[in-house]
Amino acid sequence: TFVVTEACIRCKYTDCVSVCPVDCFHEGPNFLVIDPAGCIDCGVCVPECPASAIYEEADLPVDQQAFVAINARLAQQWPVINAAKEPLSDAEQWADVKGKLQYLEE
Ligand code: SF4
Ligand code: F3S
């Protein structure tokens with residue numbers, strides 16, 4: 001299963017969603033998650049993300065482990081997104097900022 005991590009928060013470029021063959025991305029106010037029940041592990045979304053936010057679960061950096069549960073939980077409550085849209089307006093400014101979990105909006 002692939003997992004969206006902190007780098008997506010406050011950016012939400014959405015390039016990832018248009019390539020997913022099973023439409024398993026779900027959209028919140030300033031973050032996207034992958035539904036682990038839908039992901040078929042194809043990996044095509046990974047190189048699409050300008051923020052390098054998507055990892056295979058086994059390759060997650062140690063400080064991003066919490067995002068396994070965050071993706072699973074929020075995929076249950078947020079709607080599917082399968083068409084790309086404009087990134088958040090200040091996405092570039094936030095793309096390289098660390099410690100963004102505190103800004104996650106549900
Ligand atoms: Fe979708 Fe494939 Fe990415 Fe999973 S790995 S979220 S199936 S594009
Ligand atoms: Fe987020 Fe990257 Fe997709 S920033 S919306 S995971 S393209």
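The figures follow:
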| quantity | calculated |
| --- | --- |
| Test: residue in the range 62-79 that is buried (at least 18 other Cβ atoms within 10 Å of the Cβ), of a type in the set (Phe, Trp, Tyr), on the phi < 0 side of the Ramachandran plot and in contact with a Cys (Cβ under 7 Å, 6 or more places away or on another chain) | no |
| Matching residues, the range 10-26, being near ligand 2 (Cβ under 10 Å from one of its atoms) and touching a residue at least 40 places away in the same chain (Cβ under 8 Å) | ARG10, CYS11, LYS12, TYR13, THR14, ASP15, VAL17, SER18, CYS20, PHE25 |
| Residue within the range 58-79 that is polar (S, T, N, Q), within 13 Å of the chain's Cα centre (by Cα) and in a loop (DSSP other than H, G, I, E, B) present | no |
| Given (1) in a loop (DSSP other than H, G, I, E, B); (2) surrounded by fewer than 16 Cβ atoms within 10 Å (Cβ to Cβ), index of the condition GLN93 fails | (1) |
| Pick from the range 27-53, criterion acidic (Asp, Glu) and crowded, with 18+ Cβ neighbours inside 10 Å, ranking: nearest to ligand 2 (Cβ to nearest atom) | GLU27 |
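Where a number appears in this text, it was derived from the coordinates with a stated rule and is not lab data. Source: prediction; values computed, not measured. Positions of Cβ are generated from backbone atoms using ideal geometry, with glycine treated the same way; all protein chains shown enter the neighbour counts.
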